[in-house]
Amino acid sequence: MAIAPGDTIPDVTIMTLTESGPSPVKTGELLGHGKVVLFAVPGAFTPTCSDHHLPSFVVRNDDLRAKGVDTIACVSVNDAFVMGAWGEEHHVGDGIVMLADGNGEFTKAIGLEMDGSSFGLGTRSQRYAMIIEDGVVTTLNIETAPGTIVASGADAVLAAL
């Protein structure tokens, strides 16, 4: 069963890339304080994710912060090195925390995995965006059509804030 508004974000260990290499982070700590926007992509460096989804949050970062967002994070079932390189390519800087759910544990814990085997991707995350306030999901927008950014892009999140 998928996570829903009113649910608390699970506390799972995932990774982020730091200057000294991959570093574990607990989702309960990172996503559990203040107003957080978390968006997920099926795969770093894939066309829709690279051309539209991540860039929408890079471009609208200041607008999201102006609405009171403390943390913006992107998660994908990729390793920390891939997420770090993808963030670097898109110049996310300190504006977006790039989270690597390499084993898909967080994605499974929130029930938003998808089968990307037909594309050679294996189990990945569905494309979504959520607003979390002090660890509780207040908004969850899941894309219903592959390759689209309607419900989960930065503009949709801004409209929900």
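No value in this document is a laboratory result; all are computed from the given coordinates. Just so you know, these numbers come straight off a predicted model, no measurement behind them. Please note: Cβ atoms are built from the backbone with ideal geometry, for glycine as well, and neighbour counts cover all protein chains shown.
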Going by amide H atoms built from the backbone, whose H comes under 5 Å of the H on V97, apart from near neighbours? I72, A73, C74
Out of A40, A85, A66, any idea which swings most in a Gaussian network model of the chain, alpha carbons joined below 10 Å? A66
Could you work out how much longer the chain between K108 and T8 gets when fully extended? Use 0.36 nm per residue separation minus the Cα distance between them, nm to one decimal. 34.5 nm
Test of understanding: ordering H90, H53, H33 by Cβ neighbours within 10 Å, fewest first, what list do you get? H33, H90, H53
Going fewest to most other Cβ atoms within 10 Å around each Cβ, S76, S23 line up as S23, S76
Determine which lysines satisfy two conditions relative to K67: a Cα distance under 17 Å, and not lying fewer than 8 residues away in the same chain. K35
Under 10 Å, Cα contacts only: if you run a Gaussian network model on the chain, which one of T71, T144, T107 comes out with the highest mean-square fluctuation? T144
Kirkwood hydrodynamic radius of the chain from all distinct Cα pairs, in Å? 15.3 Å
Return the Rg/Rh value of the range 85-153, two decimal places, where both radii are evaluated on C-alpha atoms and Rh is the Kirkwood radius. 0.97
Which of the trypsin sites (Lys or Arg not before Pro) found in the range 58-140 are loop residues per DSSP with 16 or fewer other Cβ atoms within 10 Å of their Cβ? K67
Going by the alpha-carbon gyration tensor, a ≥ b ≥ c the square roots of its eigenvalues, is the range 1-74 rounded (a/c under 1.5) or, if a/c is not under 1.5, prolate (a/b greater than b/c) versus oblate? rounded
Taking only DSSP H segments of four or more residues, each worth -39500 (n - 2.57), what value at 222 nm results for the chain once the sum is divided by all its residues, to the nearest 500 deg cm²/dmol? -5500 deg cm²/dmol
Evaluate the relative contact order of the chain (contact order divided by residue number), counting alpha-carbon pairs under 8 angstrom at least 6 apart; express in whole percent. 32 percent
